[in-house]
Structures are given as structure tokens and as C-alpha cells.
Amino acid sequence: MRRGILPLVAVALCLFLSGCGELMSLYPLYSKDVLATDDNLVGRWEGIDKGKDGKTEKKECCWTFAKSDDGYTLSMKDAEHHVIMVSKVHLVRLGGTMFMDMEPDNVANKRTTEIGFPTLDVHMILRIWIEKDSLRLAIMDADAMKAAEVSGRTRLTLVYHKTGILLTATTEQLQTFFTEHAKDEGLFTWGTDQDMRFTRKR
């Protein structure tokens, strides 16, 4: 797995382009019975990029969350404040742990990008910690998922590709798995330099 914080642009393109990304899911993690909300998520957030000494080197602008239907709309912008991509976001609470399900908003993206590549409706599943003025996200680790699949620990069906892994398990299977493994540090990047950290933009 690549080390270092994922730039905001890379995350956006990772979700937008078909087959891009180390670990995606064909089906959503969310269903109506496990949806969660948190008013603290709404607003603009700057991504924090830290140096080797742990000090903040720069902030990348911006992720903007807005309430929408049963979830949220996430607009990603570059340093010049141009919209890169719009995502549909749902918060999911499983076993007391909060997750975020991100998927491209293909209708909105047709208005904001001229990229002509084929797209696929896939989902990125992340662990999320939301506080008043700080936000932290941890992505699934593809290498750890491969090891878990080989060892027989996981019951999720998946497909290997040269660019990563596509989970093909159903929503119900995903919910069962992540309820059991929510705090498994081996499956998520939490506590590593791969975590994505944000501070509220005022």
C-alpha cells in the first residue's frame, strides 16, 4: 500500500475513475436501519498534511459536507477552489463504531468535470471520527484484506484486479463483517501516516 497522506485530488479521482483505488465495494455499506447522522460533519474542512516531525506543513482545501436526503453531499475542491468531484456520503453506525460510505454523484459530476473516462458506481468504506473542529478518516488496507482472505478470516467475496480489490459481498454481509472487525487495526489505516486528518475551515 502507498504510504503518506492521500491528497484530496487523488481520493476524488480514485472514486471517480472505474477500477481506480486499492479497495472498493460494489455494494453499499449502508441501509436504512443503520444510517446515522452527525451535525458536526456539516461544513467546510481543510485536509492537514503533516511533515516527518509531526508538525503541520500545509493545509489542502477543501471538503464541504452538506445535508442531503438521508445522507450528505460532499464537494471536493482544489487549491484554486475549483470543484473536482461531488460524492454522496452516508454515515453508518455498526457496533458502536462510525463508518462513512462514499460513492460518486454521477449526475452532479457530469456538470463539474470534462473527464471522459468510463465510470462505475463503487463505494469507498472508511472509518470516521467526527469532533467539533476535527475530522479523521481511515481507509481500508488492501494488503491486510488480502491476508485476511487468504487466512480464511474474512467471509467477504471479492475480486482481485491489478489496481486493487473489489468487494462483491452484499450489503448485509458487509455490515456483519464490519461489525465484527470495526476495531481491527489491521484492516484500517488508523494511527498511521495514511490517515486523512481535517480541521474545520472558518
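The values are calculated or read from the model by the stated rules, or taken from the named source; none is laboratory data. Given the structure is predicted, the values throughout are model-derived calculations rather than measurements. We place every Cβ from the backbone using ideal geometry, glycine too, and count neighbours over all the protein chains shown. The protein model used for the area step is the full one, side chains on, heavy atoms only, and it has no ligands, DNA or RNA in it. Shrake-Rupley method; radii C 1.70, N 1.55, O 1.52, S 1.80 Å.
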When all protein chains stay in place, what accessible area (Å², nearest 10, 1.4 Å probe) is found for residue 30?
50 Å²
Expressed in square angstrom to the nearest 10, the accessible area of residue 132 with a 1.4 Å probe stands at 150 Å²
With N residues in the range 123-202, what two-decimal value do you get for its Cα radius of gyration over 2.2 N^0.38 Å?
1.20
Compare the peptides 133-145, 174-186 by average per-residue count of other Cβ atoms within 10 angstrom and give them in order, highest first.
133-145, 174-186
Determine the sum of side-chain charges near residue 125: Lys and Arg each +1, Asp and Glu each -1, restricted to other residues whose C-beta is under 11 angstrom from that of residue 125.
-1
Two pseudo-spin positions, 7 Å from Cα along C-beta at residue 32 and at residue 173, lie apart in nanometres by 2.5 nm
If Lys and Arg each add +1 and Asp and Glu each add -1, what is the summed charge of the other residues whose beta carbon sits under 10 Å from the beta carbon of residue 202?
+1
Calculate the spin-label point distance for residue 149 paired with residue 132, positioning each point 7 Å from the Cα along the beta-carbon direction, and give it in nanometres.
4.4 nm
